[in-house]
Amino acid sequence: MWGKILGFCFGFMFGKIFGAILGLYLGHLFDKSLKNNFDKAGGFSSLFNGDDVHERQALFFSSCFAVMGHIAKSNGRVSEVHIKAASLFMDEMGLKGEERREAQHAFQAGKQSDFSLKETVYDFKERFAKRHDLLQLFLEIQIQMAFSDGILADQEKQLLSEVSKQLGISKTHFAFVLKRYQAEFNFRKQQQRYQQQQGQSSSYKEGSGHHVPPNNNMNRAQALGLLGLNDGATEREVKVAYRKLMAQHHPDKLVSQGLPKHMMELAVKKSQDIQAAYEYLKKAA
């Protein structure tokens, strides 16, 4: 607003009516640019709540495991599969000692009868309101927990829908994210079977800490599914989907916005799957 006011005043001083119109327009562009940069920094909330990367990472960490615990308990009890999935997730993050105990404590808190899903997600949304990619990744992690036993129960889907709604994600986009994760889940299962057949005990290179890129036995349907596309997608649609998904899951960007560094490997794996799908479709075109 101040850009438009000052632009109008200075424009009128030096160019009368024409100058005022030009100054008003330039001021509008300034205000728009300033707002975009301000929003990316977290808006006014970052000025009043002491928001910084470490605080955001701590909130993401605790909220993530608490909601995971709540979803795991949605069927009345936490199955061994869900417990194993949470443990493997902590292993992937390299959590040990006090950090692992904190994750376990948050997971246990989410299982309690007095746990407020609405309040937890509300607080999370308030802190990450302008960081849409992190909101989506948070939802994807919860979907991963729900899918850990290979079945998405009605209670789990209902909870995921509630989380999605509270995060400000539309029903249409929630359906898109859910469908894309189903493709990702099925592909990962295939990769695990392939690795077992090859005598590999892990999807990670020993000692490297990096995800092994998917093997080349991918098919077109899987590649399109990983990009969230249907059969018949054009070359341009493939490229647009690839660029958008890579931007959403870029590890360094997500960490700078508040993703705990321990969870960076999750974003790396997703990026590598997306990259592999795109490379396959490029070669098959």
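Against the conditions (1) under 24 Å from residue 264 (Cβ atoms); (2) crowded, with 17+ Cβ neighbours inside 10 Å; (3) in contact (Cβ under 8 Å) with a residue 60 or more places away in the chain, where does residue 143 fall short? Just the number, please.
That leaves (3) as the condition not met.
For the stretch 224-270, which residues satisfy the criterion of being open to solvent by less than 60 Å² (accessible area, probe 1.4 Å) and among the polar types (S, T, N, Q)?
Selection gives 248, 257.
Can you tell me which residues in the stretch 271-285 are open to solvent by 70 Å² or more (accessible area, probe 1.4 Å) and in contact with an Asp or Glu (Cβ under 8 Å, 6 or more places away or on another chain)?
Correct list: 285 only.
If I ask for residues that are touching a residue at least 24 places away in the same chain (Cβ under 8 Å), assigned to a helix (DSSP H, G or I) and either open to solvent by less than 30 Å² (accessible area, probe 1.4 Å) or over 22 Å from residue 85 (Cβ atoms) (or both), which ones from the stretch 146-172 would you list?
146, 156, 159, 160, 163, 164, 166
Can you name the number of the only condition in (1) at pLDDT below 90; (2) loosely packed, with under 12 Cβ neighbours inside 10 Å; (3) not acidic (Asp, Glu) that residue 28 fails?
All conditions are met except number (2).
Answer yes or no: is there a residue in the stretch 143-166 that is farther than 22 Å from residue 107 by Cβ, of a type in the set (Phe, Trp, Tyr) and at pLDDT 85 or above.
No, the stretch 143-166 has no match at all.
Counting only residues that are open to solvent by less than 10 Å² (accessible area, probe 1.4 Å) and part of a helix (DSSP H, G or I), how many does the stretch 111-140 have?
8
Only one of (1) more than 29 Å from residue 53 (Cβ to Cβ); (2) modelled with pLDDT of 85 or more fails for residue 242. Which number is that?
It fails just one condition, (1).
The values are calculated or read from the model by the stated rules, or taken from the named source; none is laboratory data. Predicted model, so just to flag it, every value in this text is computed and none were measured. Note: ideal-geometry Cβ built from the backbone for every residue, glycine included; neighbour counts use all protein chains shown. Surface accessibility is based on the protein's heavy atoms, side chains included, excluding ligands, DNA and RNA. Shrake-Rupley method; radii C 1.70, N 1.55, O 1.52, S 1.80 Å.
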